[in-house]
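The values are calculated or read from the model by the stated rules, or taken from the named source; none is laboratory data. It should be emphasised that the depicted structure is a prediction, and the values quoted were computed from it without experimental measurement. Glycine also receives a Cβ, built like all others from the backbone with ideal geometry; neighbour counts cover every protein chain displayed.
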Amino acid sequence: MNHIFTNARLILPDEEQPKTGRLVVDGDRIASAGNVMDDGPGKEIDCKDRILAPGIVDLGVFAIDKPAFRFGGITRAALMPDQSPVLDLPAMIKQSAAEGKPDLWSHPIAAATKGLAGTQLAEIGLMKRSGAKGVATGRQWIADSGIMLKLLQYCKSLDLPLIVHSEDAGLTAGSVATNGETATRLGLASATAAAEAVSIARDIALVRETGAHLHFRQVTTSDGLNLIRAAKSEKLPVTCGITPAHLLLSDIAISDFRTFARLSPPLRSEENRLACVEAVKDGTIDVISSGHDPRGPEDKRLPYAESAPGMAGAETLLALSFTLVRDDIVSIGRLFELLSANPAKILGVEAGLLRPGYEADFILIDEDSPWQVDTRKMAAAAGNTPFDRLPVQGRVTAMYKGGRAY
């Protein structure tokens with residue numbers, strides 16, 4: 001029996017604003033969406049004039065955290081290989097792909113090198129057969145350009161995207177912040193923001209050589225973004241992402257040694273933050289992801305330099321991203337390209353769009369519902385967010401995975 005979602009404001013492909021209409025689900029697939037005239041018999045669900053949007057596809061999380069994903073409207077998550085043990089064997093990929101189903105699909109990303117050590121290629125072909133949707137260097141940059149070239153050639157032959165961390169470790173080793181007034185005043189070991197552009201420039205040169213699809217997981221500097229723009233103007237197969245933290249916060253957020261604001265890459269200057277916002281607006285940035293990396297007290301209640309980088313971002317991803325719509329930086333249609341359609345396309349899955357034939361993964365949203373981020377009440381495994389006590393708007397009221405409510 002069909003399920004017919006009525007009285008909805010639909011986020012449809014290639015539409016900047018929501019369109020009033022219906023969505024029809026047949027089994028676990030979308031049968032039709034939009035101005036449906038004859039939807040046949042079925043069970044009707046009244047959406048009460050709320051936004052009905054594609055489920056969020058979170059590209060690059062470090063933990064499967066179902067309660068946080070459910071709160072944030074994330075129906076699919078690409079799991080980074082930085083696990084214990086590292087996702088560098090086919091059996092580990094197969095096990096991770098089954099984790100979370102049926103209400104969440106985990107898409108494990110294969111480790112690019114054995115143990116993520118950056119010295120020996122992992123069995124990428126076998127991991128693809130076991131369900132890997134991409135390959136990643138994890139939290140590290142591969143310094144050996146010869147290894148990186150072979151890796152890109154391998155990924156090209158397997159038609160897999162390579163997801164990279166972009167910081168030249170020779171420049172950032174031992175640092176915990178970005179060079180600038182804030183780091184100097186706090187006496188923190190810091191590194192030049194140019195470390196990002198240096199690594200991006202090297203990798204783009206190798207993409208030009210191989211034609212492999214390279215996704216820069218987080219680009220956070222104006223110089224790095226200018227390199228991405230130039231590569232795209234050459235029609236090179238490069239994409240890039242960012243998190244809300246680097247769009248909304250500058251390095252001033254670490255002023256009181258707030259370990260919840262210690263991230264990787266570190267927060268940048270206000271000038272770089274504004275460049276990131278502009279890059280979202282002009283289409284240079286393709287993906288907004290949560291960077292979800294819940295860290296407990298044992299990792300965060302330490303002196304700043306000894307704490308672990310990372311933030312719990314899954315349940316705040318949507319509400320923080322809505323800020324871009326309210327500030328007229330992007331349309332709501334463009335926002336869901338960044339959150340859903342583009343990451344799904346990079347992973348090669350039929351999701352992220354309200355399109356006939358695609359997986360019936362979608363969320364109902366009350367975009368005006370107010371709430372306050374509170375580390376003590378977060379659904380995540382740990383509440384390490386730099387946005388504690390921030391008032392936000394936008395809440396997921398229902399989530400459907402494969403046409404079923406969860």
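Filtering the range 382-400 down to residues that are in contact with a strand residue (DSSP E or B) (Cβ under 8 Å, 6 or more places away or on another chain) and assigned to a loop (DSSP other than H, G, I, E, B), which residue is farthest from Arg9 (Cα to Cα)? Walk me through it before giving the result.
At the first step, the residues of the range 382-400 found to be in contact with a strand residue (DSSP E or B) (Cβ under 8 Å, 6 or more places away or on another chain) are 384-386, 389-400.
If we keep only those that are assigned to a loop (DSSP other than H, G, I, E, B) too, we end up with 384-386, 389-390.
Values: Asn384: 34, Thr385: 31, Pro386: 32, Arg389: 30, Leu390: 27 Å.
Of everything passing the filter in the range 382-400, Asn384 is farthest from Arg9 (Cα to Cα).
Tell me which residues, restricted to the range 95-117, are buried (at least 20 other Cβ atoms within 10 Å of the Cβ) and in contact (Cβ under 8 Å) with a residue 60 or more places away in the chain.
Correct list: Leu104, Trp105, His107.
Say we look at the range 1-25 and pick out the residues that are surrounded by fewer than 18 Cβ atoms within 10 Å (Cβ to Cβ) and part of a strand (DSSP E or B); which of these is nearest to the chain's Cα centre (by Cα)?
Lys19
Counting only residues that are polar (S, T, N, Q), modelled with pLDDT under 95 and out of contact with any strand residue (DSSP E or B) (no Cβ under 9 Å at 6 or more places or on another chain), give me the helices (runs of 4 or more DSSP H) lying completely in the range 294-381 with at least 1 of them. I'd like the intermediate steps shown before the answer.
Numbers: elements: 297-300, 317-326, 332-336, 342-347.
Where helices (runs of 4 or more DSSP H) fall fully within the range 294-381, none carries at least 1 residues being polar (S, T, N, Q), modelled with pLDDT under 95 and out of contact with any strand residue (DSSP E or B) (no Cβ under 9 Å at 6 or more places or on another chain).
Tell me which helices (runs of 4 or more DSSP H) are completely within the range 119-197 and hold 1 or more residues being more than 29 Å from Ser269 (Cα to Cα), among the β-branched types (Val, Ile, Thr) and touching a strand residue (DSSP E or B) at 6+ places or on another chain (Cβ under 9 Å), or say none if there are none.
The helices (runs of 4 or more DSSP H) meeting that bar are 124-129, 145-158.
If the requirement is being crowded, with 22+ Cβ neighbours inside 10 Å and closer than 28 Å to Pro237 by Cα, which of these qualifies: Ala319, Ala344, Ala312, Ala360? Let's see the steps before the verdict.
Values: Ala319 fails: closer than 28 Å to Pro237 by Cα; Ala312 fails: closer than 28 Å to Pro237 by Cα; Ala360 fails: closer than 28 Å to Pro237 by Cα.
Of the residues listed, the single one that is crowded, with 22+ Cβ neighbours inside 10 Å and closer than 28 Å to Pro237 by Cα is Ala344.
Out of the residues in the range 178-197 that are small (Gly, Ala, Ser) and surrounded by fewer than 23 Cβ atoms within 10 Å (Cβ to Cβ), which is farthest from the chain's Cα centre (by Cα)?
Gly187
If a residue has to be not in a loop (DSSP other than H, G, I, E, B) and not charged (D, E, K, R) to count, how many in the range 95-117 make the cut?
Final tally of qualifying residues: 13.
Would you confirm whether any residue within the range 168-175 is among the acidic types (Asp, Glu) and either buried (at least 20 other Cβ atoms within 10 Å of the Cβ) or under 22 Å from the mean Cα position of the chain (by Cα) (or both)?
Taking every residue of the range 168-175 in turn, at least one turns out to be among the acidic types (Asp, Glu) and either buried (at least 20 other Cβ atoms within 10 Å of the Cβ) or under 22 Å from the mean Cα position of the chain (by Cα) (or both).
What pairs come out if I take residues in the range 254-281 that are more than 24 Å from His292 (Cβ to Cβ) and basic (Lys, Arg) and pair them with residues that are surrounded by fewer than 22 Cβ atoms within 10 Å (Cβ to Cβ) and at pLDDT below 95 whose C-beta lies under 9 Å away, six or more apart or interchain?
Nothing qualifies.
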